[in-house]
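Q: Below is a structure I'd like to ask you about.
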Amino acid sequence: MFIRRENFKQYITLYPVVSSIMAINFIVFLLTLIPGFGTWLLYAGASVNGLIAEGEWWRVVTSMFLHAGFTHVLFNMFSLFLFGPELEKIAGKMRFLTIYFLTGIFGVAATYLTQDASYASVGASGALYGIFGAFAALVYYTRHLFPQLKQIILPLIVVSVFMTFITPNINIAAHLGGLIAGFVLGIVYFNPKNMLRWRKKNITRVK
């Protein structure tokens, strides 16, 4: 399920939203390496609670596309590379995009509500945990039909949450906020009635 066998062209064609998000993140990271400009870009786009409180709301979104080093962006984008395609295929492009952005924003909001004014953070982790949360909702609805999905997703979530608490310099609020928001959105989106309606629409379009 999470083993990617597509070649580069197939991957981009099949999963355009995931591919676009990955491309934007890597391009922005390369821009942060430019002397002077890169430092300015990080400071201008990072999620800083005090500055958000002063009205710089764009930081809620821009911080999702900034990363604090190559390892940071590589790990996050590799996670998106593995786990994003299946959710984009199941939920559809627009619903996947909604899950990604709303959970990322909710992660920043959770950080804003739980941390002091000086707290600053960057990264796509809130949105990535949102993907995990959406999969958890899918597991909830399909636990009897596809028990193998439960065997894959639940250990992944448990390990990810565990690593959140033992790894230094991790934005715990963003991770947990994104995870919870993803689960809630997944409960709404993956309701069997909604899934049936999506299938009927797709069949109608094919006809």
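To keep it simple, each residue is scored yes or no on (1) modelled with pLDDT under 90; (2) assigned to a loop (DSSP other than H, G, I, E, B); (3) surrounded by fewer than 13 Cβ atoms within 10 Å (Cβ to Cβ).
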| residue | (1), (2), (3) |
| --- | --- |
| ILE152 | yes, no, no |
| VAL158 | no, no, yes |
| VAL161 | no, no, no |
| GLY178 | no, no, no |
| LEU185 | no, no, no |
| LYS201 | yes, no, yes |
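Q: For segment 135-150, give me each residue that is modelled with pLDDT under 85, in a helix (DSSP H, G or I) and out of contact with any Leu (no Cβ under 8 Å at 6 or more places or on another chain).
A: PRO147, GLN148, LYS150
Q: Going through segment 10-43 one residue at a time, which ones are among the hydroxyl-bearing types (Ser, Thr, Tyr) and assigned to a helix (DSSP H, G or I)?
A: Listed by number, the residues that qualify are TYR11, THR13, SER19, SER20, THR32, THR39, TYR43.
Q: Consider PHE96 against the criteria (1) closer than 25 Å to LYS150 by Cβ; (2) open to solvent by 40 Å² or more (accessible area, probe 1.4 Å): it satisfies all of them except one. Which criterion is unmet?
A: Just one mismatch for PHE96, condition (2).
Q: State yes or no: is ASN49 of a type outside the set (D, E, K, R), crowded, with 16+ Cβ neighbours inside 10 Å and out of contact with any Leu (no Cβ under 8 Å at 6 or more places or on another chain)?
A: yes
Q: Being open to solvent by less than 30 Å² (accessible area, probe 1.4 Å) and either touching a residue at least 60 places away in the same chain (Cβ under 8 Å) or of a type outside the set (Val, Ile, Thr) (or both) is the filter here; which residues of segment 163-176 pass it?
A: Residues satisfying the conditions are ASN171, ALA173, ALA174, HIS175.
Q: Does TYR112 count as closer than 29 Å to GLU54 by Cβ and part of a helix (DSSP H, G or I)?
A: yes
Q: Consider ALA110 carefully, then state whether it is crowded, with 16+ Cβ neighbours inside 10 Å, touching a helix residue (DSSP H, G or I) at 6+ places or on another chain (Cβ under 7 Å) and at pLDDT below 95.
A: Criteria not met by ALA110.
The values are calculated or read from the model by the stated rules, or taken from the named source; none is laboratory data. Quick caveat: nothing in here was measured; it's all calculated off a predicted structure. Neighbour counts are summed over all protein chains in view; Cβ atoms, including those assigned to glycine, are modelled from backbone coordinates with ideal geometry. These accessible areas exclude ligands, DNA and RNA; they are computed on the full protein's heavy atoms, side chains included. Shrake-Rupley method; radii C 1.70, N 1.55, O 1.52, S 1.80 Å.
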